[in-house]
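Structure, as structure tokens:
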Amino acid sequence: MKRARHLKPEEIELWLHVVRDVAPMKGRQLPELPAVPETAVQEKPESLARATAAAYTPPVEKKPKLPPLVPIEKKLRQRVSRGQRPVDMAIDLHGMRQVEAHSALTRFIHRAHHAGASIVLVVTGKGGDGEASIGHENERGVLRRVVPHWLADAGLRRFVIGYETAPRGHGGDGALYVRIRRARGET
């Protein structure tokens, strides 16, 4: 059983300042707080409350810092592009709308990570020379431009070590090799 922590005089003073305009509910009374010893308060109460409130900064949750994306190692890239080492998994996003593609890519990267894949192929399509107005969802080559941003975004970033454009044999500018981080301690 935990023991109650006693409030410091500064904390009591700050609390009294915060609730100074609060009226208790009908039939209730404010709890009795221990008196603040005068020796602990050497400034006027208002200036102490301002100083205490100004000095308080709420705790900031530190998010684990993700390491920077790195290019795929040259030897691994050569082995994969020459067919000496197959890609572990592949997904073809071209022809999908952005929302569908983002959802499919997210599921695919999670699956690849949990399956222990180390390098995967993501086909985005090159986009064509068709006429499309800028800013519309059916603009040509959108996936080719946005997939790298999705891979670098915090949601997928914890699973991705790095990515690079695939060579012509695997899709060229319309495909990416993605290096997947190993799953550690997960079941």
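What follows draws every value from the coordinates through simple rules; no lab data is involved. Model, not experiment: these values are computed from the prediction.
Tabulated data for the structure shown
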{"quantity": "Derived scalar couplings ³J(HN,Hα) [the stretch 65-75; Karplus, 6.51 cos²θ - 1.76 cosθ + 1.60; whole Hz; x for Gly, Pro]", "calculated": "6, 8, x, x, 5, 10, x, 5, 4, 4, 5"}
{"quantity": "Of all DSSP beta bridges in the stretch 74-180, antiparallel share, percent nearest 5", "calculated": "70 percent"}
{"quantity": "Amide H contacts under 5 Å for Ile180, placed H, 5+ residues apart", "calculated": "Ile119, Val120, Ile161"}
{"quantity": "Residues with amide H under 5 Å from that of Arg85, placed H, sequence gap 5 or more", "calculated": "Val80"}
